[in-house]
Amino acid sequence: MLFVSNSVCAQVDYLDELSEIDIQEAALAFINLTTSPGVEGINLEVNLPNRQSQVGRASLGFTADFNVDGWSNDGYWGGALVHGQLDEVIVFLDKNDQPLHLIVDRDILALHGSFGLSIPVSQQLRVRPFMSVSMAETTTHSKLQNILSELDTEILPSDGTRSTAFQSYGLTGSLQVDYNAWYQRRYRARLLGQYNVSYDDTDSEDYAYLDTWGWSQSLILKSELAAATRWHSQGRPWLWKIYMNYNDFLDQSTKAIGFTRYFEVGVGLDWEWNIVPFDWFGVRTVGLRAGYVFDKNLEGYNIGLTFQ
């Protein structure tokens with residue numbers, strides 16, 4: 001629980017200043033964090049003077065290039081089932097300058113799929129323009145604590161509690177540049193950049209403020225260095241790797257969910273599988289990785305299985 005000093009109160013908003021736009025931006029930012037193509041699993045904590053949050057995202061999915069006879073370029077496709085969670089406490093002031101604690105719990109379950117082109121510029125470089133669609137169901141439970149005076153806001157009922165559920169539908173256009181190369185026949189380097197432009201539309205039958213729409217942009221940068229180990233399974237090598245990723249939600253307000261960007265550094269172990277199921281798309285590696293997520297006022301981790 002947050003304890004508010006006089007110095008922190010200067011950074012705290014009044015509850016009656018919480019607007020319809022603030023509610024909508026927070027909902028759309030949470031959807032964007034969960035459903036944007038290229039965003040990976042995270043578990044992080046946000047610590048601000050007037051806000052403490054725990055954010056989680058996990059997914060089960062794939063992306064892959066595939067070959068089609070007669071095409072000069074390859075195709076690209078992917079899909080995922082995604083779950084996201086946000087638990088936070090935000091401090092506001094009532095009309096008597098007394099602190100109020102707004103407790104918000106959000107859960108989202110989403111499906112998204114992608115389809116596009118994979119254009120080989122050279123043996124090491126590919127450019128992938130693709131589109132993605134998503135559908136999501138979000139539930140939100142909000143509760144105000146320490147209510148000592150009558151609420152003067154339309155955002156919450158007089159008892160300070162509200163539970164809502166709403167659906168959202170998204171369409172995203174992405175451009176990905178992917179560079180892979182081996183050096184000295186031992187080290188594999190990968191550099192990837194991806195830019196997304198997303199449109200999300202939400203539909204709520206029980207809360208008009210969440211019946212809205214919005215545009216958003218995000219940038220994802222990934223770098224990785226891998227090298228073969230002495231370990232082999234079924235005649236195929238294991239590779240260790242180190243990586244660093246950067247995610248930036250370019251036009252998102254910090255006020256929406258407490259942050260707009262984060263870095264991730266980590267290590268991993270991959271097995272060179274190199275199979276092509278049904279002679280259509282390839283699986284190059286499967287592996288395990290662990291990463292540390294950080295930026296100003298936030299830190300967390302990312303542990304999971306990987307497929308490439």
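In table form, for the structure just shown:
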quantity	calculated
Matching residues, region 93-129, being in contact with a strand residue (DSSP E or B) (Cβ under 8 Å, 6 or more places away or on another chain) and among the small types (Gly, Ala, Ser)	Ala110, Gly113, Ser114, Gly116, Ser118
Members of region 31-71 that are free of Cβ contacts under 8 Å to residues at least 40 places away in the same chain and more than 24 Å from Gly193 (Cα to Cα)	Gln54, Val68, Asp69, Gly70, Trp71
Positions within region 214-232 being surrounded by 14 or more Cβ atoms within 10 Å (Cβ to Cβ) and either over 20 Å from the mean Cα position of the chain (by Cα) or not aliphatic (A, V, I, L, M) (or both), in sequence order	Gly214, Ser216, Gln217, Ser218, Lys222, Ser223, Glu224, Leu225, Ala226, Ala227, Ala228
Asn180 part of a strand (DSSP E or B), touching a Lys or Arg at 6+ places or on another chain (Cβ under 6 Å), at pLDDT below 95 and not aromatic (Phe, Trp, Tyr)	yes
Test set (1) modelled with pLDDT of 80 or more; (2) in a strand (DSSP E or B) - Arg284 fails condition number	(1)
Flag if Val39 is closer than 23 Å to Ile303 by Cβ, in contact with a Ser or Thr (Cβ under 9 Å, 6 or more places away or on another chain), in a loop (DSSP other than H, G, I, E, B) and not aromatic (Phe, Trp, Tyr)	yes
Filtered residues of region 246-267 (kept if crowded, with 20+ Cβ neighbours inside 10 Å and part of a strand (DSSP E or B))	Asn247, Phe249, Tyr262, Glu264
Selection within region 95-104 - in a strand (DSSP E or B) and under 12 Å from Asp16 (Cβ atoms)	Leu100
Output for region 89-130, where each listed residue is in contact with an Asp or Glu (Cβ under 8 Å, 6 or more places away or on another chain), closer than 17 Å to Tyr76 by Cβ and not hydrophobic (A, V, I, L, M, F, W, C)	Ser118, Pro120, Arg126, Arg128
Pick from region 60-94, criterion touching a Leu at 6+ places or on another chain (Cβ under 8 Å) and part of a loop (DSSP other than H, G, I, E, B), ranking: nearest to Val39 (Cα to Cα)	Asn73
Output for region 40-60, where each listed residue is out of contact with any Phe, Trp or Tyr (no Cβ under 9 Å at 6 or more places or on another chain) and closer than 29 Å to Arg284 by Cα	Glu40, Gly41, Gly56, Arg57, Ala58, Ser59, Leu60
Options Leu225, Leu239; residue that is in a strand (DSSP E or B), in contact with a Lys or Arg (Cβ under 8 Å, 6 or more places away or on another chain), under 17 Å from Phe307 (Cβ atoms) and in contact (Cβ under 8 Å) with a residue 24 or more places away in the chain	Leu239
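The values are calculated or read from the model by the stated rules, or taken from the named source; none is laboratory data. What you see is a predicted model, and the numbers here were worked out from it, not measured in a lab. When we count neighbours, we look across all protein chains shown, and the Cβ atoms used for this are built from the backbone with ideal geometry, even at glycine.
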